[in-house]
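Enquirer: Let me give you the structure first, and then I'll get to my questions.
Since every read-out is calculated from the coordinates, none of them should be taken as a lab result. Fair warning: this is a prediction, and the values are worked out from it, not measured in the lab. Counting neighbours? That spans all protein chains shown, and the Cβs are built from the backbone with ideal geometry, glycine included.
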Amino acid sequence: MALIEKEYRENVGIITLNNPKKKNAICESLANELISTLDHFLKHTPKVVLIRAKAGVKVWSAGHDIKELKGSKDPLEYSVPLRRLIRAVQKYPVPVISMIEGSVWGGAFELVRSTDIIIAGSTSTFAITPAKLGVPYDTVGVMNLMHNIATPVLKEMLFTASPITAKRAMETGIINYAVKVRELEKFTFEIIEKIKHNAPLAITLLKEEINLLSSACAVNPSEYEKIQAGRTKIYNSNDFSEGIKAFLEKRKPEFKGN
Ligand code: LCV
Ligand code: LCV
């Protein structure tokens, strides 16, 4: 059963997340469908790709499929579905716009942040939740989140794991616009129209330059290895397994710091 709907209209590829029973949680099959649809659209040389959910959803995406998280397994290493999907969006040769209705959680927030322009309905919220589940987020993920989010705001989001409103997200530059939900689609397509009529080669180059330069940072290898060793400890920890178990048992987790 397709977990997304796809449409190609006037040089715009439109992807609609459509797995309501799992609140559009990003499971392996959803990630793979998104990646292959992005590829598929390239055959038509699109000017823009839009990722959205069905109009009226309460949850745009519930984030990484927690049922696919396993204790003692690195949840965010290079080849996991969410990592592959986020790279596919970042390396995509044309602008990828996310149009948000409803709440965005965890890895879906990083996915949205990896798109180029984010337009949300004013009732949307955004949360990044590794601290809620005891997940050892990876350095690539943290780097993706750090792009022009004021550090104190990002730390507040990460440490509290609480949702912030679209208004707050716009005020702090995390998203481009928060508009009335009833105007969201029209507003988004007005932005798409402006982009569509500009020079595609220049836009592709600009996107590639921004992604290259914003992810360029010197890291001391031994410091990097230290972080990786810490991550290995955490995804082998009782706390990580407890975070997953508590969610699945619909109860609050009891983290003991081991
Ligand atoms: C699997 C789900 C999920 C889900 N996975 O409906 O960023 S990190 O590091 O944390 C990363 C690892 C990550 O992204 O982790 C996931 C972070 N996501 C969240 O913390 C959101 C978890 N979900 C919720 O808080 C609620 O489901 C929301 C608020 C999204 C919707 O609440 P609502 O009451 O409308 P339910 O909670 O009843 O969810 C409906 C069904 O979807 C499942 C959930 O287990 C339930 O399944 P059952 O019908 O079998 O009970 N579900 C929801 N989110 N991320 N499954
Ligand atoms: C030569 C001009 C110019 C002009 N050059 O008066 O950032 S990048 O990569 O794009 C970079 C390469 C760059 O900076 O490219 C230039 C970007 N500039 C623009 O896109 C602005 C282009 N100009 C305009 O949009 C209009 O001229 C504005 C809105 C600035 C003013 O409009 P207005 O109606 O008041 P005109 O357009 O009639 O311009 C008066 C005269 O100045 C010339 C224009 O061709 C016209 O010449 P003629 O009187 O011979 O017709 N002109 C204006 N801008 N950047 N020439």
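Enquirer: Using 7 Å Cα-to-Cβ label points, what is the GLU28/ASN258 separation (nm, one decimal)?
Expert: Once both label points are built, they end up 3.3 nm from each other.
Enquirer: A follow-up question, please. Lysines near LYS180 by alpha-carbon distance under 18 Å, same-chain residues fewer than 8 away left out - which ones?
Expert: Within reach: LYS54, LYS58, LYS167.
Enquirer: Order these peptides, 19-28, 186-195, 222-231, by their mean beta-carbon neighbour count within 10 angstrom, highest first.
Expert: 19-28, 186-195, 222-231
Enquirer: With every atom except the alpha carbons ignored, what do you get for Rg and Dmax of the chain, in angstroms?
Expert: Rg and Dmax of the chain, Cα atoms, are 18.1, 56 Å.
Enquirer: Of TRP105, TYR137, ASN18, which is farthest on the positive side of the dipole of the range 4-181, counting Cα position, with +1 on Lys and Arg Cβ, -1 on Asp and Glu Cβ, and the Cα centre as origin?
Expert: The residue sitting farthest along the positive end of the dipole is ASN18.
Enquirer: What FRET efficiency comes out for the pair ARG168/HIS147, r = Cβ-Cβ distance, R0 = 25 Å, nearest 0.05?
Expert: After rounding to 0.05, the efficiency reads 0.90.
Enquirer: While we're on this one: If you take the beta carbon distance between GLU5 and LYS250 as r and set R0 to 30 Å, what does 1/(1 + (r/R0)^6) give as a FRET efficiency, to the nearest 0.05?
Expert: Calculated value: 0.50.
Enquirer: Looking at the range 66-129, which trypsin sites (Lys or Arg not before Pro) are in a loop (DSSP not H, G, I, E or B) and have at most 13 other Cβ atoms within 10 Å?
Expert: Sparse-neighbourhood loop trypsin sites (Lys or Arg not before Pro): LYS70, LYS73, LYS91.
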